[in-house]
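First comes the structure, then the notes that go with it.
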Amino acid sequence: MFTGIVTGLGTVLQRRPRQDHTGAESGVERLTFSAPGHLQGLELGGSIAVNGVCVSAVELDHNLEEISVELIQETLRRTSLGALDIGHAVNLERCLPSGARLDGHVVQGHVDGLGRLIERDPADGRHRFSLSSELAPYLAEKGSIAVDGVSLTVTAVSGPEAAEPWFEVGLIPTTLAETTLGRLELGGPVNLEVDVLAKYTRRMLGFQQPDAGSSRLPAIAQPETPAPVLDPVDLALEQLAAGRPVVVVDDADRENEGDIIFPASASTQELMAFTIRHSSGVLCAPMSAERAAYLQLPPMVTDNEDPKGTAYTISCDADASRHRQITTGISAADRALTAQLLASSASVPDDLTRPGHVFPLIAHAEGVLGRAGHTEAAVDLCVLAGAPAVGIIAELTHDDGEMMRLPALREFADEHGLALISIEDLIRRRGGTPIPEEAPVPVDAEALTRGDLVDAGPVVTLPTDYGTFAAQVWTEHSTGHEHMLISAQGHHPQQNGQVSRPLIRMHSECATGDVFGSQRCDCGTQLISALESIQRDGGHLLYLRGHEGRGIGLADKMRAYHLQEQGADTVEANEMLGLPAEQRDFTGAAAILHGAGITRLQLLTNNPEKVRVLREAGLDVEQVPSTGVVHEANRRYLETKRDRMNHLLDHLGLTDAHDEQGEHQRL
């Protein structure tokens, strides 16, 4: 809380975009300003009002008397801080300490809107400001208003019929000299905060008058449809996807406690400071058991006695030896970096030290369908919002330390523009079934047959170790990928009367298997087997570029391999990286087959998804099993594809495919 009595002037020294741990701009700006006499007793995360905007200190230089704060895009857009430049003066006020004398008005540092200086009279100090029609009802003559953080008494206001509302204040020479108000130019923007009591009074009263002579108190007008206590889950997902926090209550009917929740990947210094300020200060990071295992975050205790069964792991901080900006780990900036590392697919266990100041939690594998807790809600919300499946949660509290419950949670959410949802509604949103994958986009069969999606290159002769083939490159317009159609000698890339249903292999590129002969998968041996079959029986092999690692790319495939070495299977590894198990698009392949005149085919594959896509694209497809080599190194990979991805691999005999000598078996 503030008083609106400016305690000094500062000067803007620097404005620069803040970068995340990858070096990319995060959308947050860091503002550095001089603050003579304002650093004593101020700690990191402490509050100071700058032109009436309450912000948190994220860096302090006591020698130079400089303060740095971070501003999110909403603050830059809704206040005049976005117009500040180097050299501009700013009004400063430290927050009101406990027990201090209240000399001005009650000011929160929460800007309600912008106004502009439209008229002034130097002779009597009269200043007239414009304001929005939404704020005009909150002003009254002899009432109060804060202008750029300066608490003032309103001397005149426009009438309710005014098309362009205004208010006037009288400024004495000392106020003009000791604040930025004396430097305002006509038309210059100012931050406005109306009287806090006026805001609550306006909200409560409907101004409905009783009948003449009635002894009843004035009734509060009720809207035709009462405002909902809770917001739709989809609104929360929109805010989370934009990097904003939401409030989640575990049981609206019992008015239980609420948590502030946001993706760990969206953590910023300002967001962490906001969360710490309004919560118990204990920040937890829900994640899957697989993610915790990979980051080497074991359970905090072997016998969990927590009444709610919350699965704490050992706490952690970012490792100062690898991340030099880390100090003690407790600051908002330190905890923001730790949270980002917990969510980043590039992180390794050595990025963390244990114990620390962030408390990871292990969520139930089925999310809120398995346990209706804030831990599971955080992970489910991150996944549904398209963020990595690691969240940050903190229990909201009142200033006296008591847990915040409804209806106070609704007031808090409204004050800060946050969605408020319940875990119960999130369970309904999930519908009692696993989170569905994104529905496949319907194939435009007409576009496929028109040839709008791909272009063909010339046909050339390609001698290989497996025989001589005809090769032709097809370029996919939407991706730029250059795919290669390889045909057995004497079988042109068009259907003919001799081969009514040719053998086709659609082979996704795999540098590790196709080029280096990796035994982690069976891709290389399937490629060789397909070339031999096509050379012998006739047909075509379509080599699909851009499909590395089932579409996630080579770098992420290597990261997934690293997770598999920690015990994850091929599907779990992708999920731990925040990636889908299958990301390939076979629309371009279907267009190439149409363009080559191949509409009836025997598809050499074990993947029923390929068959489905080609059939939806108007092709007549018969599935033929594809054979490869089973090794000890790829056995679990193949079993996972069979058991979790529905690949048809019974012909590989995985249950007994290795002999006593451990040699591989060709099937």
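Quick note: the coordinates plus some simple rules give every number you see, no bench work behind them. None of the values given here were measured: they were computed from a predicted structure. Ideal geometry is used to build each Cβ from the backbone, glycine not excepted, and the neighbour counts take in all protein chains shown.
With a sphere of radius 10 Å drawn around the Cβ of I421, what net charge do the other residues whose Cβ falls strictly inside it have (Lys, Arg +1; Asp, Glu -1)? Mind dumping the intermediate values first?
On the way: positive: R429; negative: D231, D234, E424, D425.
With Lys, Arg at +1 and Asp, Glu at -1, the neighbours total -3.
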Original post:
What spacing in nm lies between the two simple spin-label points modelled at V106 and S500, each 7 Å away from Cα in the Cβ direction?
Top reply: 8.8
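What does the charge dipole of region 233-430 about its Cα centre add up to, to the nearest 20 debye, if the Cβ of each Lys and Arg holds +1 and the Cβ of each Asp and Glu holds -1? Present the calculation step by step, with values, prior to reporting the outcome.
Numbers: 15 positive and 30 negative charges, 131 e Å.
Using Cβ point charges on Lys, Arg, Asp and Glu, region 233-430 gives about 620 debye.
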**OP:** Enumerate the calculated ³J(HN,Hα) couplings along region 610-616 in order (Karplus 6.51 cos²θ - 1.76 cosθ + 1.60, θ = phi - 60°), each rounded to whole Hz, writing x wherever the residue is Gly or Pro.
**Re:** 4, 4, 4, 4, 5, 5, 5
**OP:** Work out how much length L197 to N63 would gain on full extension: take 0.36 nm times their residue separation and subtract the Cα-Cα distance, in nm to one decimal.
**Re:** 44.2 nm
Subject >> Around C95: net Lys/Arg minus Asp/Glu count, Cβ-Cβ under 13 Å >> reply: -1
Subject >> Approximate spin-label separation H562-D85, in nm, with each point projected 7 Å along Cα-to-Cβ >> reply: 4.5
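By per-residue mean of other Cβ atoms within 10 Å, what is the highest-first order of 382-390, 4-12?
Numbers: 382-390: 21.8, 4-12: 18.9.
Result, highest mean Cβ count within 10 Å first: 382-390, 4-12.
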Original post:
Taking amide hydrogens as modeled 1.01 Å from N in the peptide plane, which residues meet the under 5 Å criterion relative to S422, leaving out close sequence neighbours?
Top reply: V249
Subject >> Zone of S132's modelled label, taken as backbone nitrogen in region 42-61 under 11 Å from a point 7 Å along Cα→Cβ >> reply: none
Original post:
S280 to D455: FRET efficiency via 1/(1 + (r/R0)^6), r the Cβ-Cβ distance, R0 60 Å, to the nearest 0.05?
Top reply: 0.50
Subject >> Under Karplus coefficients 6.51, -1.76 and 1.60, residue-wise ³J(HN,Hα) of region 391-397 in Hz, glycine/proline x >> reply: x, 10, 10, 8, 7, 6, 9
**OP:** Report the net charge of residues surrounding L13, where surrounding means a beta-carbon distance below 14 angstrom and charges are Lys +1, Arg +1, Asp -1, Glu -1.
**Re:** -3
Original post:
Where in region 111-152 does the amide nitrogen come within less than 15 Å of the point 7 Å from the Cα of E164, taken along Cα to Cβ?
Top reply: 115-120, 128-133
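Sort the following peptides by mean Cβ neighbour count (other Cβ atoms within 10 Å, averaged over residues), highest first: 545-557, 257-269, 461-473. Spell out each step's value before the answer.
Values: 545-557: 19.1, 257-269: 25.8, 461-473: 14.5.
Put in order of decreasing packing, that is 257-269, 545-557, 461-473.
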Original post:
More than 20 Å apart: what percent of Cα pairs in region 284-363 qualify?
Top reply: 26
**OP:** Taking the dipole about the Cα centre of region 233-430, with the C-beta of Lys and Arg at +1 and of Asp and Glu at -1, give me whichever of V368, L295, Y312 is farthest to the positive side.
**Re:** L295
Original post:
Tell me, what is the percent relative contact order of region 33-148, built from C-alpha pairs under 8 Å that lie six or more residues apart?
Top reply: 24
**OP:** Using the Karplus curve 6.51 cos²θ - 1.76 cosθ + 1.60 with θ = phi - 60°, work out ³J(HN,Hα) for each residue of region 371-381 in order, rounded to whole Hz, and write x for Gly and Pro.
**Re:** 7, 8, x, 5, 4, 5, 4, 4, 5, 4, 5
**OP:** Take every DSSP beta bridge whose two residues both sit in region 233-430, then give the antiparallel share in percent to the nearest 5.
**Re:** 70
**OP:** Pop a pseudo-label 7 angstrom from the Cα along the beta-carbon direction at both R600 and R78 and give the gap in nm to one decimal.
**Re:** 6.6
**OP:** Using amide H atoms built 1.01 Å from N in the peptide plane, name the residues 5+ places from H357, or on other chains, whose amide H lies under 5 Å from its own.
**Re:** C316, D317
**OP:** Set the Förster distance to 25 Å, then compute FRET efficiency between R428 and M403 from the Cβ-Cβ distance, nearest 0.05.
**Re:** 0.50
